[in-house]
C-alpha cells in the first residue's frame with residue numbers, strides 16, 4: 001500500500017484534521033503521512049502512545065528517527081521527554097513504551113547507507129522564549145541535514161536550491177509555506193526549487209530536513 005510516495009509531488013498536510021488509526025499494538029495509534037507498505041519499509045507518521053502502551057522488541061533495518069512532541073517516550077535505554085530528538089541507526093533494536101502516554105513524529109527506514117550515528121538530543125520544550133531567528137543543526141550526513149528552526153511572528157525564512165527535497169514539521173505555532181497554511185504538527189514536503197516560510201505566531205518552532213529525497 002503506497003501512500004504519498006511520489007516525491008515530486010508537493011504535500012501540505014494539516015494533521016489535526018486526521019483521525020488516529022489503529023496500529024499493531026492495541027494501545028498505540030498513528031496518523032500516516034507517507035508509507036511504502038502497511039507495516040514495513042519507508043514510513044513517516046505521527047504516533048500516539050496511550051498510558052502504559054508498549055511495543056514488543058523489534059529491529060529497524062534502515063533506522064528510526066523520532067521527535068518527542070509531548071509526554072515521555074521510553075525504551076530500555078532511557079526516558080525521553082518532549083523535546084527529545086532521537087536517531088536509532090540501521091539494525092538497531094528496542095522495546096519502546098510510555099508510562100504516561102506520549103506523541104511522537106517518527107520516520108522509519110530512511111537512513112542513508114553508512115549513517116550509523118546514534119543521536120540523543122534535548123532541543124527544549126515548545127513555548128520557550130526564542131530570538132527572532134535561530135537555526136540549529138541537529139544531524140548532518142553527506143547531503144542530508146536536519147535543523148531546528150525558531151521563528152518569531154511575521155519573520156521569514158527562505159529555502160533555496162531544494163530540488164533534492166525539503167520536509168518541514170511544525171513543532172509549535174503556525175506558518176505559511178509558499179502560501180500554504182500549516183498549524184501545529186502540520187507537515188510539508190516538496191522538491192520545489194524555492195520556498196518561503198513565514199511564521200504566523202510567536203515562538204514558532206520547526207523541524208526541517210533538506211537534501212534527503214534524492215537518496216530514497
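The values are calculated or read from the model by the stated rules, or taken from the named source; none is laboratory data. Bear in mind that the values here come from a model prediction, so they are computed numbers and not experimental data. Cβ coordinates were reconstructed from backbone atoms using ideal geometry, including for glycine residues, and neighbour counts include every protein chain displayed.
Just a few scattered comments:
- Test for residue 171: is it in contact with a strand residue (DSSP E or B) (Cβ under 8 Å, 6 or more places away or on another chain), under 19 Å from residue 212 (Cα atoms) and touching a residue at least 40 places away in the same chain (Cβ under 8 Å): no
- The listed residues are 91, 74, and the only one of them that is crowded, with 16+ Cβ neighbours inside 10 Å, in contact with a strand residue (DSSP E or B) (Cβ under 8 Å, 6 or more places away or on another chain) and farther than 28 Å from residue 151 by Cβ turns out to be 74.
- Entirely in the range 54-99, the strands (runs of 3 or more DSSP E) that have 3 or more residues that are touching a residue at least 12 places away in the same chain (Cβ under 8 Å), under 15 Å from the mean Cα position of the chain (by Cα) and under 17 Å from residue 122 (Cβ atoms): 64-75, 84-88
- Looking only at the range 40-53, residues that are under 21 Å from residue 111 (Cα atoms) and assigned to a strand (DSSP E or B) come to 5 in all.
- Condition met for residue 43 (buried (at least 17 other Cβ atoms within 10 Å of the Cβ) and either modelled with pLDDT of 95 or more or in contact with a strand residue (DSSP E or B) (Cβ under 7 Å, 6 or more places away or on another chain) (or both)): yes
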